[in-house]
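S.K.: Sharing a structure with you now.
The values are calculated or read from the model by the stated rules, or taken from the named source; none is laboratory data. In this text, all values refer to a predicted model and were calculated from it rather than measured experimentally. Counting neighbours? That spans all protein chains shown, and the Cβs are built from the backbone with ideal geometry, glycine included. The accessibility values were calculated without ligands, DNA or RNA, using every heavy atom of the protein model including side chains. Shrake-Rupley method; radii C 1.70, N 1.55, O 1.52, S 1.80 Å.
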Amino acid sequence: MKSGNPSALKNGGDPLSTPRSNGGGAERSPLKVPFIIGVAGGTASGKTTVCDMIISQLHDQRVILINQDAFYRSLNGEQLKKVGEYNFDHPDAFDTELLLSCMEKIKHGSVVTIPNYDFKTHKSIEPGRVVNPCDVIILEGILVLHDSRVRDLMNMKIFVDTDSDVRLGRRIQRDTVERGRNVENVLDQYAKFVKPSFDEFILPSMKHADVIIPRGADNEVAIDLIVQHIRTKLGQHDLCKIYPNVFVIHSTFQIRGMHTLVRDAKTTKHDFVFYADRLIRLVVEHGLGHLPFTEKQILTPTGSVYTGVVFCKRLCGVSVIRSGESMENALRACCKGIKIGKILIHGDSKTGEKELIYEKLPSDISSRHVLLLDPVLASGNSAIKAISVLLSKGVPEANIIFLNLIASPEGIHAVCKKYPKLKILTSEIDMSLNKDACVIPGMGEFSDRYFGTGTKQRLP
Ligand SMILES: Nc1ncnc2c1ncn2[C@@H]1O[C@H](COP(=O)(O)OP(=O)(O)O)[C@@H](O)[C@H]1O
Ligand SMILES: Nc1ccn([C@@H]2O[C@H](COP(=O)(O)O)[C@@H](O)[C@H]2O)c(=O)n1
Ligand SMILES: [Mg+2]
């Protein structure tokens, strides 16, 4: 018996929102790999400025900025005498081997010291810069998209595309004020090396970018979109890496659109049910994709052999009353005649203790794969209680797939720590839980909205 290919559902990218800082040195899980962003572009295109804006917007993440400039090779005496003939814009001007080894170390959670480069003396100076493990690394520099080994480190590649006249104007200003040059030096260097290398190495590297930002830091819309994208990735990718049994269905604009509708407090009951049903159907279909299958060859009407699979037959659903019942129809629609059990759990509002009030489960449940249904995974306490009931009936932990529409990071931690063999499949991982154990941003009281029973005010 083979199993499906769950990794195909994994999203690339986590809010294990750790405390903010610029690489400040709190302990990290060794499994946690930082999200790496490369930012390339011509000189003075605004790379550093764009990176600063991204960092300030990602204020609740630990972000570090690494400049490719730090890896410039120091000039020797001979080179210094003829500095006007040295091409600082050629890939050979950088110690890329050192950059790769530093990046590998930081990526794997080690503290590293990176060089400190001085543009006035054209040398690395002591002390180097100590860089601690972090959530996001931004690697910025003119040629960070040029070398495929460096590109391969990146989860996201950005190119800042600013008009060359604007760049030259800024470069003259910056280099005369900050880098100890005069206008004549800057113009000579620009004509001899900077522009030819831009045309030969930097501009061609733009094709590797995932996102091109025209007008650099002036393009606030592009920067906002990038930050949102990073946040989405940070919200999911870490948890999926920490817990290999957590799966998030691949996000598309259709899925984002449906989430936008079901999460909107102004959405009518009718629309809520319609879009929640669509999302539920997707989650259920993906959940079924995680069940074991057996290979089967059949003959098509053309007389050809098709090698396919047959579905797992020992299957049942279990809904956590009430909201889980909203997922039953989708399961019935996908699996004709499927048995569905129910569990009702009551939570003590004072102690938070969960108590089993009612259960009706198939008598042979221990020999079945179980799709546990609950659209919202919040604190995880009800889920843990429901799972314990299934285990007490003899269901193997690894035979349970817990299906949700949304899950909080706290709920995922709680369930996965207790039941590491069980699988969780969700359509989005939210930011957090608030003090009342509600998922934020969330979608409110799911069963009230779905069954139209609530009287609670949803708009603030
Ligand atoms: N959108 C902008 N408007 C005005 N000045 C800018 C803008 N972006 C960058 N600058 C200035 O241009 C110079 C070069 O920008 P910088 O971000 O350092 O470019 P890079 O890192 O690509 O070389 C800096 O002095 C910076 O303050
Ligand atoms: N000693 C040096 C080293 C580099 N440069 C120039 O810096 C440019 C890269 O830095 P940006 O912040 O502009 O991306 C590059 O174009 C080199 O010409 C230098 O002048 N002196
Ligand atoms: Mg810069």
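S.K.: Above 17 Å lies some portion of the pair distances; for region 268-395, what is it as a whole percent of all C-alpha pairs? Mind dumping the intermediate values first?
M.R.: Working: 5194 of 8128 pairs.
Summing the P(r) tail past 17 Å for region 268-395 gives 64 percent.
S.K.: Select from region 263-302 those trypsin sites (Lys or Arg not before Pro) which occupy a DSSP coil region and have at most 11 other Cβ atoms within 10 Å, ordered by residue number. It would help to have the intermediate numbers written out before the result.
M.R.: On the way: sites: Arg263, Lys266, Lys269, Arg278, Arg281, Lys296; in loops: Lys266.
Those satisfying the criteria are Lys266.
S.K.: Among DSSP beta bridges whose residues both lie in the chain, state the antiparallel percentage, nearest 5.
M.R.: On the way: 22 of 67 bridges.
Looking only at bridges with both residues in the chain, the antiparallel portion is about 35 percent.
S.K.: Starting from 0.36 nm per residue, how many nanometres of slack lie between Thr351 and Thr49 once their C-alpha separation is accounted for? Don't jump to the answer; show the numbers that get you there.
M.R.: Numbers: separation 302, 0.36 × 302 = 108.72 nm, distance 5.01 nm.
Contour length minus Cα-Cα distance gives 103.7 nm.
S.K.: Which number comes out as Rg/Rh for the chain once both Rg and the Kirkwood Rh are worked out on C-alpha atoms?
M.R.: Values: Rg = 27.3 Å, Rh = 25.2 Å.
Checking Rg against Rh, the ratio lands at 1.08.
S.K.: Once Rh is set to the Kirkwood radius over Cα pairs, what Stokes-Einstein translational diffusion coefficient, in µm²/s, holds for region 53-132 at a temperature of 10 °C and a viscosity of 1.306 mPa s?
M.R.: Details: Rh = 14.2 Å.
Approximately 112 µm²/s, per Stokes-Einstein.
S.K.: Let me ask something additional. So what is the relative contact order for region 262-331, in percent, with contacts set as C-alpha pairs under 8 Å and at least six apart? Numbers along the way, then the final one.
M.R.: On the way: 51 pairs, mean separation 19.7, N = 70.
Computed over region 262-331, the figure is 28 percent.
S.K.: Still on this structure: Among Leu139, Leu203, Leu361, what's the order by accessible area (1.4 angstrom probe), most exposed first?
M.R.: From most exposed to least exposed: Leu203, Leu361, Leu139.
S.K.: Averaged per residue, what accessible surface does region 261-351 expose to a 1.4 Å probe, in Å²? Provide the component values of the computation, followed by the final result.
M.R.: On the way: 5260 Å² over 91 residues.
Accessible area per residue, region 261-351: 58 Å².
S.K.: May I ask you to give the solvent-accessible area per residue for region 381-425, in square angstrom, as obtained with a 1.4 angstrom probe? All intermediate terms of the calculation are to be shown ahead of the outcome.
M.R.: Numbers: 1430 Å² over 45 residues.
Accessible surface, normalised per residue, equals 32 Å².
S.K.: Relative to the present Cα-Cα distance, how much length would full extension add between Glu126 and His208 at 0.36 nm per residue of separation? Walk me through the numbers on the way to the answer.
M.R.: Numbers: separation 82, 0.36 × 82 = 29.52 nm, distance 3.43 nm.
Contour length minus Cα-Cα distance gives 26.1 nm.
S.K.: Next up: Got a number for carbon plus sulfur as a percent of the chain's accessible area, 1.4 Å probe? Write down the numbers at each step before the final one.
M.R.: On the way: 11860 of 22250 Å².
The C+S portion of the solvent-accessible surface of the chain is 53 percent.
S.K.: Using Cα centres only, tell me the gap between region 312-367 and region 269-305 in whole Å.
M.R.: If you average the Cα positions of each part, the centres end up 20 Å apart.
S.K.: Pop the C-beta distance of His90 and Thr252 into the FRET formula with R0 = 30 Å and round what comes out to the nearest 0.05.
M.R.: Values: r = 42 Å, r/R0 = 1.39.
E(calc), rounded to 0.05, equals 0.10.
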